[in-house]
Amino acid sequence: MSQFPKFSSMSTPSKASLFAAIALAGTWVSSASAQARGSAEPPGSSWGLGVGVAAIEKPYRDFDTETIGLPIVSFENRWISTSIPTFDVKLYSGRTLSFRLRARYAGDGYEADDSPFLAGMDERKASLWAGAAVVWKAGFATVTGEFVGDAMGKSKGTRARLQMDRRFAAGKFGFTPRLAAEWVDDKYVDYYYGVRPSEVTTTRAYYAGEATTNIHAGLRVDYTPTQHHTLFLDMGASRFGSTVKDSPLVDKPNQTSIGLGYVYRF
């Protein structure tokens, strides 16, 4: 996998990078909230507020890495679990198993001015994805599966994800490795990585996407000096499937991210 992106100076972020950073922040705080509550605790209401900074490197050609600051917000009770940009309604929630309806805003896509190579391309917009999810707190790890479709009709695609993660405690520190596989259909790949006939140039060939599976690995390190305060570092890398890597818009096989943040839990 490629090296993690270096932090650069703050600038006005593109919409694509901002949405991607918000999606990353949702991963941070949802995992941190689950760790704080614990599987054996009775259901109750919990709030989390904080701030984070993220650097995300997308696979598109000549795409600049941007450093973005953003707020972090989460809320959970017996029936609802939300950590922007993910919102879950719990249809059933036991000590180890939870079935949910899920809506999640994903930070996919780009604008033509995000990269010189993308000049002349139509904007590929981020979208709201909706469907079902299941969370299983097994003894060896937390296993999360979801199947969602494009609720806003941007790509008209579907995607399915299976993730495993587990937190290892060491005093006030926690280490949470994660591993996930995400299948995306041909409509998704064609929309975000395809090249339409009207977008073809002498250096950019026509390309029609096909379904593929992407692999993600990451590590979150958290430090909780007191009950309400948590600092964390999160690193992640996604290895794209062959039909994404073969796109003429892509010049690297990975997408990497790194983030720092602070969360206060009420």
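Using beta carbons and a limit of 6 Å, which pairs, at least six apart or on different chains, have the first residue in the range 55-72 and under 23 Å from R204 (Cβ atoms) and touching a residue at least 40 places away in the same chain (Cβ under 8 Å) and the second one of a type in the set (A, V, I, L, M) and in a strand (DSSP E or B)? Note: pairs meeting the criteria are P59/V250; T65/A55. Among the conditions (1) without any contact (Cβ under 8 Å) to a residue 24 or more places away in the chain; (2) closer than 22 Å to R166 by Cα; (3) not β-branched (V, I, T), A208 misses just one, which is (2). Of all the numbered requirements in (1) part of a strand (DSSP E or B); (2) free of Cβ contacts under 8 Å to residues at least 40 places away in the same chain, M152 misses one, and that requirement is (1). Considering the range 30-52, and only residues there that are closer than 17 Å to M235 by Cα and buried (at least 17 other Cβ atoms within 10 Å of the Cβ), the residue that is modelled with the highest pLDDT turns out to be G52. Within the range 204-236, restricting attention to residues that are within 30 Å of D122 (Cβ to Cβ) and touching a Pro at 6+ places or on another chain (Cβ under 7 Å), the residue that is surrounded by the most Cβ atoms within 10 Å (Cβ to Cβ) is Y207. Only one entry of D114, D88 meets the criterion of being surrounded by 14 or more Cβ atoms within 10 Å (Cβ to Cβ) and touching a residue at least 60 places away in the same chain (Cβ under 8 Å), and that entry is D114. Out of curiosity, is V189 hydrophobic (A, V, I, L, M, F, W, C), more than 27 Å from I80 (Cβ to Cβ) and surrounded by 18 or more Cβ atoms within 10 Å (Cβ to Cβ)? Considered against the rule, which asks whether it is hydrophobic (A, V, I, L, M, F, W, C), more than 27 Å from I80 (Cβ to Cβ) and surrounded by 18 or more Cβ atoms within 10 Å (Cβ to Cβ), V189 comes out as yes. Each residue in the range 219-238 was checked for being more than 18 Å from V51 (Cβ to Cβ) and at pLDDT below 95, and 5 pass.
The values are calculated or read from the model by the stated rules, or taken from the named source; none is laboratory data. Here the structure is a predicted model, which means the values were calculated and not measured. Here Cβ is always computed from backbone atoms with ideal geometry, including for glycine, and neighbour counts include all displayed protein chains.
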